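Everything on this sheet refers to the single structure shown next.
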Amino acid sequence: MTGPVLTSTANRAVSAAPQLCIVVLDDSEFDRSRMRRMITQTSAGVKVVTCDNIADFKVALEQHPVDLCLVDHQLRDASGLDAIAALKDQSGCADVPVVMVSGFEDTESIVSSMRAGCVNYVGKESLTAQKLHDVIFTSIAETFSDPELEEQVNKAARDVISGLAQGCISELQPRLRRMYRQISFIRGCHAQGVLPSPEALDEIEDHCLNIWRFFDEVEAYSASFGETRH
């Protein structure tokens, strides 16, 4: 047991962008190296983590923000179906797409894999770099066409917006009320021919600066949220 092995294909042009993370689980060192090489040939900015057993596979799921898994159907001491079950049990990984990769392309293996939750099934014998690239692309794209997942994403966005609105209300309303009272006080002072105290003006200025900082924070958060989505 060597533990998960990490390979990154990021270059200078894409190093600033979030990397796609693909986990390859296969007990054959030759096949692991082959798939890693195929991925790096056709996909820039991809992080590849390779494992040769389910224990290391679980570690990889815990340590990396996984976007897709390529799983060997027949492992040395387990089945690829066991790996899928382990992934489904892992917190935050239940919706990670899995592509079953196998030296067997019989109907029974394909059906059992799809029933277990795989989004695709490919044979090792006919696998090419371009075919693997296409399978990865379509498998990830298909996860976004899932109505249930789309609703989850929309709900998360609504929750963020709602939370932001509540934050604005709770932060701004008390300050604006105080500013209104202080401005009314200053108006009253002027009406009576009395100059307002420096403390009253300082407090209004302080509230204005705090509101300004708050909007700067909201703007920075919105910008970072947009970068994360892209």
Worksheet item: How many of the residues making up region 21-37 are surrounded by 15 or more Cβ atoms within 10 Å (Cβ to Cβ) and either of a type in the set (K, R) or at pLDDT below 85 (or both)?
Response: 3
Response to the item:
Residue count, region 99-116, condition closer than 21 Å to L20 by Cα and without any contact (Cβ under 8 Å) to a residue 40 or more places away in the chain, comes to 1
Worksheet item: Which members of region 44-58 meet the condition of being crowded, with 16+ Cβ neighbours inside 10 Å and over 17 Å from I140 (Cβ atoms)?
Response: T50, C51, D52, N53, I54, D56, F57, K58
Item to complete: Please find, among V46, V111, V98, V71, the residue that is touching a strand residue (DSSP E or B) at 6+ places or on another chain (Cβ under 6 Å) and at pLDDT below 90.
Response: V46
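The values are calculated or read from the model by the stated rules, or taken from the named source; none is laboratory data. Since the model is a prediction, treat every value here as computed from it, not as a measurement. Counting neighbours? That spans all protein chains shown, and the Cβs are built from the backbone with ideal geometry, glycine included.
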